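Accompanying notes for the structure given below.
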C-alpha cells in the first residue's frame, strides 16, 4: 500500500467511510501537501465551501472528483446527507475556500456528528492564516489567543473586545477588508493603541505586512482608495499592565466613588491614565459598580 494512500477501502471491508479534514492553500496554490493531494484524489466525494473555487483548485492539480457544496447556509441539511454517505461506506474530504476547515469556516457540525456516529475523522494538516501570520509577526508565539471574526453587531463586538482588555497573550483576529478600519478603531478605543501587524493577501502576489501601533496601521489604510484581500490582524498582549488585575481596578473605583471625588467620567479617566488602560473599559466597570 502506498505511504499516503487512504487508510481503508470501503468496497473491500464493508466498513463505514472516513471523513478527511483537509487544509488547502490560503493563496498560493502550491502550498498544499503531497498527502492532501493524495487524499483529494482518492476520496469518493469532496465537500467544499464553494464548489467553483475548489473545482479550479483541483483542476490546477489535475484532480477530478465529485463535489458537493457545504457552507454556512446549508450546513445543517448537508450534514445529515453527508453523514448518510459516510455511514454507507463512502469516503469524504472536507475543504474550505482557504486554510484549515472549521477554523472560522464551516465544518464543526459535520465533524461532531461524524464522531458521535463512530466515523473516523482524519486530519490532513496544512496552512492556516492565523499561524502563518503569527510566524512572521515578530510577536510572542509561545502563547496566543485566536479570536477569529468578531460579532458584526456593535454591542456584542464591544462585549467581546472588553473581555480582551487585559489579555497578555498575542491576539489574532480575522476581518474582511470592508470592516478592517472599523475593527482597528474599536480595538484602539476599547483595548488600547497597542503594537500590531496587519497581514493582507498572504502567500499571494500582493502579500503585505503592515507593522506598528494600531493607530499607525489605521492611518495607513485610510490613505488608500480601497483595501482588498482578507485580513489577519495580530495585536500585542497587555505587556504594560501585567500587574494590573480587574479586581485592583474595581477596588480603586469603589474607593473613589465613596470619596465622591469627581463624576463617573472623571473617575474613569483618572484610573485609566494611572494604569494606562482604555478609558471605556474602566468607565464600563465603574457603571456596573455604581449600578450595584
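Going by the structure shown, is residue 192 buried (at least 21 other Cβ atoms within 10 Å of the Cβ) and out of contact with any strand residue (DSSP E or B) (no Cβ under 8 Å at 6 or more places or on another chain)?
yes
So which of 134, 94 ends up being touching a residue at least 60 places away in the same chain (Cβ under 8 Å), in a strand (DSSP E or B) and either crowded, with 18+ Cβ neighbours inside 10 Å or in the same structural domain as residue 174 (by TED's automatic domain parsing) (or both)?
Result of the check over 134, 94: 94.
Just checking, does region 48-60 include any residue being at negative phi, surrounded by fewer than 18 Cβ atoms within 10 Å (Cβ to Cβ), part of a loop (DSSP other than H, G, I, E, B) and under 19 Å from the mean Cα position of the chain (by Cα)?
Yes: region 48-60 contains one or more residues that are at negative phi, surrounded by fewer than 18 Cβ atoms within 10 Å (Cβ to Cβ), part of a loop (DSSP other than H, G, I, E, B) and under 19 Å from the mean Cα position of the chain (by Cα).
Residues to consider are 211, 162; find the one that is assigned to a helix (DSSP H, G or I), touching a residue at least 40 places away in the same chain (Cβ under 8 Å) and not assigned by TED's automatic domain parsing to the domain that holds residue 285.
Numbers: 211 fails: assigned to a helix (DSSP H, G or I).
After ruling out the rest, the residue left standing is 162.
Condition check ((1) closer than 13 Å to residue 197 by Cβ; (2) touching a strand residue (DSSP E or B) at 6+ places or on another chain (Cβ under 8 Å)) across all residues:
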| site | (1), (2) |
| --- | --- |
| 118 | no, no |
| 141 | yes, yes |
| 144 | yes, yes |
| 159 | no, no |
| 163 | no, no |
| 169 | no, yes |
| 173 | yes, yes |
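Does residue 270 count as at pLDDT 80 or above, closer than 17 Å to residue 133 by Cβ and either touching a helix residue (DSSP H, G or I) at 6+ places or on another chain (Cβ under 9 Å) or surrounded by 12 or more Cβ atoms within 10 Å (Cβ to Cβ) (or both)?
When the stated conditions are applied, residue 270 does not pass them.
The values are calculated or read from the model by the stated rules, or taken from the named source; none is laboratory data. Since the model is a prediction, treat every value here as computed from it, not as a measurement. Cβ coordinates were reconstructed from backbone atoms using ideal geometry, including for glycine residues, and neighbour counts include every protein chain displayed.
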